[in-house]
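Contents: one structure, followed by commentary.
The values are calculated or read from the model by the stated rules, or taken from the named source; none is laboratory data. Please read all numbers here as calculations on a predicted model, not as lab measurements. As a convention, Cβ positions derive from the backbone with ideal geometry for all residues, glycine included, and neighbour counts pool all protein chains shown.
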Amino acid sequence: MEIKVLFDSQAIDRKYKTGWGLSFLVDDQIIFDTGENGEWLIENMINLNVDINRIKAVAISHDHWDHTGGLWELLRKKQDLTIYCCQDFSRDFKQKVKMLKGNLIEVDRPTKIAKDIFISAQIPGEYAGRFISEQALVIKSNKGISVLTGCTHPGIIKILQKVRKIFPRDKFYLVAGGFHLIDKPTEICKYIVEQLKELKVKIVGPTHCTGDEARAIFKKEYKENLIELRVGKVVNI
């Protein structure tokens, strides 16, 4: 199964648009998060030869502009899309999805959304002193389970602990996405790496809001088992 990076702040080629936020395409059919800008997202999809008619659903990690921003252009291009969100997403978000003819599903429990692809359901977290809920995408393969995250406002370890409860017999393979360590001290970043190793996460792909210092720490510890995720990158899991 493949994961393609559709949106990020860095790219493997200048032909791709970059910006804040992230977006992944899983198995050419499920999009996880949509970055900050819909026109840029669509342009990247075209340059990556992504067939929008094959897209079945979009899962949004949390209700922030840099993860929902590209959704509206996607819905204008393909109105029958199923959109998976947390129950606690804003009324404005839900109304806009419905106005653009999206099929909105408010996830209230771990949910299978395609063959071997699951949503964790919302996990409580905090951002800028306020409550926020977030969900992760989980993919099963013969290598183990891979977890894609948006910003991990609840904390990456808390999210992985939730995933472990859902899939207690599966080992972690890849954990990738925003780890929200950009403003965290070195000691916290090192602790997170230690915890991921204790959870036996084999490969990491820290990007977006992880921060340069944290990524350097991950690189030092994971070495060749760290994947540099940029627009245009394709990862086989």
Can you find a residue that is of a type in the set (A, V, I, L, M, F, W, C), in a loop (DSSP other than H, G, I, E, B) and without any contact (Cβ under 8 Å) to a residue 40 or more places away in the chain anywhere in region 29-46? no
One residue from Val204, Val175, Val193 being buried (at least 18 other Cβ atoms within 10 Å of the Cβ) and in a helix (DSSP H, G or I): Val193
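A quick yes/no check of all residues on (1) out of contact with any Leu (no Cβ under 7 Å at 6 or more places or on another chain); (2) within 16 Å of Gly177 (Cβ to Cβ):
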site: Leu25; (1), (2): no, yes
site: Asn47; (1), (2): yes, no
site: Val58; (1), (2): no, yes
site: His62; (1), (2): yes, yes
site: Trp72; (1), (2): no, no
site: Lys77; (1), (2): yes, no
site: Leu81; (1), (2): no, no
site: Asp92; (1), (2): yes, no
Of the residues in region 73-99, those that are of a type in the set (Lys, Arg) and free of Cβ contacts under 8 Å to residues at least 12 places away in the same chain come to Arg91, Lys98
Being at pLDDT 95 or above, more than 17 Å from the chain's Cα centre (by Cα) and in a loop (DSSP other than H, G, I, E, B) is the requirement here; does Arg164 meet it? no
Looking at region 198-227, I want the residues that are closer than 18 Å to Thr152 by Cα and have a partner that is surrounded by 19 or more Cβ atoms within 10 Å (Cβ to Cβ) and among the charged types (D, E, K, R) with Cβ atoms under 6 Å, at least 6 apart or on another chain. Which pairs are those? Pro206/Arg215; Thr207/Asp8
